[in-house]
1. If you take the residues in region 48-99 that are modelled with pLDDT of 90 or more and acidic (Asp, Glu), which one is surrounded by the fewest Cβ atoms within 10 Å (Cβ to Cβ)?
2. How many residues does region 41-73 contain that are in a strand (DSSP E or B), farther than 21 Å from Glu8 by Cα and not aromatic (Phe, Trp, Tyr)?
3. Looking at Gly67, Gly15, which is the one that is touching a residue at least 24 places away in the same chain (Cβ under 8 Å) and more than 16 Å from the chain's Cα centre (by Cα)?
4. Across region 1-12, what is the number of residues that are without any contact (Cβ under 8 Å) to a residue 60 or more places away in the chain and either of a type in the set (A, V, I, L, M) or in a strand (DSSP E or B) (or both)?
5. When Cys19 is evaluated against the numbered criteria (1) in contact with an Asp or Glu (Cβ under 9 Å, 6 or more places away or on another chain); (2) assigned to a strand (DSSP E or B); (3) modelled with pLDDT of 90 or more; (4) not polar (S, T, N, Q), which criterion, by number, is the only one it fails?
6. Looking at Ile17, Ile56, Ile91 in this structure, which one is touching a helix residue (DSSP H, G or I) at 6+ places or on another chain (Cβ under 6 Å) and of a type in the set (A, V, I, L, M)?
7. Name the pairs whose Cβ atoms lie under 8 Å apart, with the first residue in region 75-95 and closer than 18 Å to Lys22 by Cβ and touching a residue at least 40 places away in the same chain (Cβ under 8 Å), the second among the small types (Gly, Ala, Ser) and surrounded by 12 or more Cβ atoms within 10 Å (Cβ to Cβ), and 6 or more positions between them or separate chains?
8. Looking at Val38, Val26, which is the one that is touching a residue at least 24 places away in the same chain (Cβ under 8 Å), assigned to a strand (DSSP E or B) and surrounded by 13 or more Cβ atoms within 10 Å (Cβ to Cβ)?
Amino acid sequence: MTQFSHCEVVCPNCGEIGCEMKFHSVNTTGKPKLKMEVAKWELYTWVCPKCGKKYILSYPSLINDNGTMWVFTAHFSEELAARGFSGEIVIDDDCYDPVMAALWK
């Protein structure tokens, strides 16, 4: 089962605040489209709606592919810079979840 929460993200370039899904676990078994989204970094990418800069979201995520499991954490690299990423935003375990906060109001 794929599990996620929402986390507040702040753009390091312009300070814009956004909301992005943080995937705690991703089950790619029998889901080739989801497997490709993991492989292409799409689940771990945030594009600032204000300045358009693209960032990799860095946090540990459990990947389950047909019973083989591993913990994956994306990190900024020269390869990602060549693909247009501006940097890395580290998401910690206790990130602010604006969706849950709105539900509790």
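1. Across region 48-99, the extreme among qualifying residues is Glu78.
2. 6
3. Gly67
4. Residues that pass the stated criteria total 3.
5. It is condition (3) that Cys19 fails.
6. Answer to the selection: Ile56.
7. Matching pairs, first to second residue: Ile89/Ser58; Ile91/Ser58; Cys95/Ser5.
8. Val26
The values are calculated or read from the model by the stated rules, or taken from the named source; none is laboratory data. Because the structure is predicted, anything quoted here is derived from the model rather than measured. Please note: Cβ atoms are built from the backbone with ideal geometry, for glycine as well, and neighbour counts cover all protein chains shown.
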